[in-house]
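Below is one structure, written out as C-alpha cells, with a few remarks after it.
Here, each number is a calculation from the coordinates, and none is a lab measurement. Bear in mind that the values here come from a model prediction, so they are computed numbers and not experimental data. Ideal geometry is used to build each Cβ from the backbone, glycine not excepted, and the neighbour counts take in all protein chains shown.
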Amino acid sequence: MQPRHALTARLATLQSWRYGVTAQIDRVAAFVREHGYMNGDLEATFRALMSKAQHQTVTVVLVAEAGRGKSELINALFFADMGRCLLPSGRLHSTRCITEIRFDRQQPTCVRLLPIETREAPMRFREILDDSNAWKTILFDADNPASVDQAFSALAETRRVSMADAVSWGVHGEGLSNVSGGQADVPKWRYAIVNMPHPLLDAGLVVVDTPGLAALTAEPEFSREELPLADAVLMVIDAAEGVTKPDLAIWRDQLGASRNKRERQRDESNQVRLIVLNKIDSLHVVDALDPIEADRRWLREVDKRVQDVADLMRVEPKNVLAVSAVMALEGAFANNLDLSMRSRLYRLERALGEGLPEDRQALTGKLILEELSDMLESVQANLDQQRFDALEGLRLLGELRKKNQAISEAIRKESSERQTALVAALQEIRAIKPIHTKLEAELSALMDPAIARERAASAEQALSATRSAGKAREVIDAYFASSRADLAALNAKIVEIRDMFGNIGERHFRLLGIGHFEVHPFATHRFETEIAKAVEKATADLTNSGNMLLFRGGVIAEQFAENVGERIVHMLEIAHRESSSWMRGVFLSIERPLEELAKRVGERNAKLEKIQSAELDLAEKIAEIQANIDIIKSRHQALGIARESLSRQMSGNPNRESE
C-alpha cells in the first residue's frame, strides 16, 4: 500500500476541483471582457470569486498534550517524503504555541509569529490574526535544513515573566514551566503560521498543531470558532500511558464530547474526528515463546489498548487508530516497507483521507458557479435586447424602402406624438418620487434590524430575570406575537404599495401601448414559515414542562437567544434587506421601461429625420445592421459555448466534450 494514498487522492480531488472552478472563472471573465461587458464591479467580483476558489483548503488539526509524539506524527503523516523531520520533537523542542502549516504561492517562505503580548489588545482573535503589523516574520530557505531548523526553533521559544503577567495573558497549568520566585517561563508566541512549499500543502492541505489543553484554554475564540471549522481533528494519546485527565479534559471540553447528542451530531456532521493511539512501539511483551508469538501478543495488547480507549472516550473502536509515528518515520527514511506497515500509519492515513468531508467544497463551488451563471444570464438578456433592436431597425429600414414620403412623415408624426406622451408620463412618474421615498422609509422602519435585535435582547433579559415557567412562556409568546405583528404590518404596507404603483404603472403602460404592467410580488410566506418553525423549536426545546423545570433563568435565556432570538433576528434582517431591494425595484420597473421606450422612440425619430433630410443610402444602412446582427450571432455562439462549459461543470462532468 502506497503511503498517503487516500489523503493524496482527497487533495488531488480538491486540486482538480480548484482547477475546474478557476478555469470556469477565467473563461467567463475572458468572455465578458472580450465582448465589452466588463466593468470595475465585475472585475472586483471575479477577483473575489477567484480568491475564494484558490484558497479552498482541507484543514487537519492535531491536539495533544506534550510528550504524546504529536510532532513525530505530523512529520510521518504529512512530510515523511522530505527525508528528514520537519518539526522538532521532544519535550525540550516541542512547539509552545498553536502552529498553522500551509502554503500560499503569493507569500514568501517564512514563519510568521504573533507575540504573546497581543492577548492584552482589546481585539477579537480573528481581528488580531488579520493585523499584519502585529506579526514578526522569519524568512527561511526550504531547501536548506539548517535554515529550516533555525526558523522552526522559534516555535519552542519561551520568555521569563512574572506570574501576574502570565495570568493576565491567560497562561496557566501546563503552559507554565520553571516556576520559581513569583516568575515562570511562558510561550513567547501566541500563534504561528508557517508558509512552506510542499506538494500536499500546495494542493490545499493546512495542518494545525495545537499544543495541549493549556493552549486551547488560553485561546477560547480559536477553540469555539476556528476548531469547529476544521475538516478533521486528530486527538493524540500515548499508547503506553493511556488516557490521562488532560486528555479527557481536551476531549470533553474542547472537542465537545460533553455536549448532548443533538449538538454533537450538528457540529460533527461535516468533520472527521479520530483518536490516535501513538507510540505502540513502546508496548513490550514479555515471556514470549518465539517472535511470532510475541507479535501475536503485541497485536492483542494493541487491540486491548484501542478498546480501552474507545470505552473510556465513548467512541467506536474504528475511530481509535493505533500507530507508531517513530516506526513510520524510520520506515520511510530507510525505505523499509515492512517497518512502515508495522507502524500501522497507513490505517490512520486511509481513515483520514476517506473520512475528510467534501460538502463545504461542494457548497462553495455551487455558489461560485451559480454566480457565474447569473453573469451569463445577464449577458444573454443584453444580447437578446441588442438582437431585437437590430432586427427592429432592419424591419424599419425595409419598410422605408417601400413607403413614400407621406408614410414616412406619418411615422415621424406618430413617433413624435408618442415621444411627447412618454415625456409627459416620465415627468409624472418622477413627480411621485418623494411619495416613493416616504413609503420606502416606512417599509424600512417596519423591519428595522436594530429594533429586532433590541426586542430579542429585551426578551432574553426578561427570561434571564424570571424564575417562573409561566412567566417565561408569556415572554416567549409575546416575543412571537410582536414578530408576527411586524410581518403583518409588512404585508399590509406591501399591499398598499403594490396597489398604488400598480395602478399608476398599468395606466401609463396601457396608454402607451407597451403591454400589461404588474408590480413584481414580494413573497413573505417563507418568513411566516420561519416564525412557525421558531415557535415549534421553542415549544419543543424551551416551553414544555420538562425543559422549563430543567432550564432556569440564564440557561433558558441562552437557549432562547441561540435557538429563537438569533433565528428571528436573522429572518427579520433578510426581510428588511429584501423588502428594501423590492421597494427600489418597484419604482424602477415603471421608470426604466418608459425611459427605454423614450430612448427607442427618440432613436427612431432621429433615424427617420436623417433619412428624410439627407436621403441616405438605405441599402448601405441595411448592410450595416446586418453586419451588426452577424456580430451579435457570433457573440451568441460564444455565449453558448461558455454556458455549455459552465453547465458541464455544474453537473459534475467538466471533461465531457460538447457534441
Original post:
Among W169, W251, which comes first, second and so on when ranked by fewest other beta-carbon atoms within 10 Å?
Top reply: W169, W251
**OP:** Only bridges with both residues in the chain count here: give the DSSP antiparallel percent, nearest 5.
**Re:** 45 percent
**OP:** Restrict the search to the stretch 97-137; then list the trypsin sites (Lys or Arg not before Pro) that DSSP places in a loop and that have at most 11 other Cβ atoms within 10 Å of their Cβ.
**Re:** R105, R124
Subject >> Check: the stretch 57-357 dipole with +1 on Lys, Arg Cβ and -1 on Asp, Glu Cβ, in debye >> reply: 560 debye
Original post:
Taking the DSSP beta bridges in the stretch 57-357 as the whole, what percent of them are antiparallel, to the nearest 5?
Top reply: 45 percent
Original post:
Across every pair of different alpha-carbon atoms, what Kirkwood hydrodynamic radius in Å does the stretch 433-591 reach?
Top reply: 17.3 Å
Subject >> Net dipole in debye of the stretch 83-193 [+1 Lys, Arg Cβ; -1 Asp, Glu Cβ; about Cα centre; nearest 20] >> reply: 120 debye
Subject >> P(r) histogram, all alpha-carbon pairs of the stretch 116-217 included - 5 Å bins from 0, percent >> reply: 2, 10, 18, 19, 21, 14, 9, 4, 1, 0
**OP:** For helix 5-34, report the angle its Cα long axis makes with the longest principal axis of the Cα atoms of the chain; keep it between 0 and 90° and round to the nearest 10°.
**Re:** 20 degrees
Subject >> Equivalent ellipsoid semi-axes - Cα gyration tensor, the chain, angstrom >> reply: 63, 36, 23
Subject >> Relative contact order (percent, whole number), the chain, Cα cutoff 8 Å, 6+ residue spacing >> reply: 16 percent
Original post:
Once both axes come from the Cα atoms, what is the angle between helix 469-512 and the longest principal axis of the chain, in degrees from 0 to 90, rounded to 10?
Top reply: 30 degrees
Original post:
Which pairs in the list K279/K318; K433/K493; K70/K245; K599/K633 are over 20 Å apart, alpha-carbon to alpha-carbon?
Top reply: K599/K633
**OP:** Please quote Rg/Rh for the stretch 57-357 to two decimal places, taking the Kirkwood radius as Rh and restricting both calculations to Cα atoms.
**Re:** 0.97
**OP:** Take every Cα pair under 8 Å in the stretch 57-357 that's 6+ residues apart, average their separations, divide by the length, and report that relative contact order as a whole percent.
**Re:** 24 percent
Subject >> Relative contact order computed over the stretch 433-591 (Cα-Cα under 8 Å; 6+ residues apart), in percent >> reply: 41 percent
Subject >> Qualifying aspartates and glutamates (Cα of each under 19 Å from Cα of K471; at least 8 residues distant if same chain) >> reply: E460, E536, D541, E558
**OP:** Work out the charge dipole of the chain with +1 on the Cβ of Lys and Arg and -1 on the Cβ of Asp and Glu about the Cα centre, then indicate which of T539, L62, L339 is farthest towards its positive end.
**Re:** T539
Subject >> For G331, net neighbour charge (Lys/Arg +1, Asp/Glu -1) across residues whose Cβ lies under 10 Å away >> reply: -1
Original post:
In terms of modelled amide H atoms, which long-range or inter-chain residues lie less than 5 Å from the amide H of L205?
Top reply: V58
Subject >> Net charge dipole size for the chain [Lys, Arg +1 and Asp, Glu -1 on Cβ; Debye, nearest 20] >> reply: 760 debye
**OP:** Name the aspartates and glutamates eligible as straight-distance cross-link partners of K438: C-alpha to C-alpha under 18 Å, and not fewer than 8 places from it in the same chain.
**Re:** E428, D448, E496, D499, E578, E591
Original post:
What is the sum of charges around G69, taking Lys and Arg as +1, Asp and Glu as -1, for the other residues whose C-beta is under 9 Å from the C-beta of G69?
Top reply: +1
**OP:** Starting with the highest mean, order 225-236, 470-481 by the number of other Cβ atoms within 10 Å, averaged over the residues of each peptide.
**Re:** 225-236, 470-481
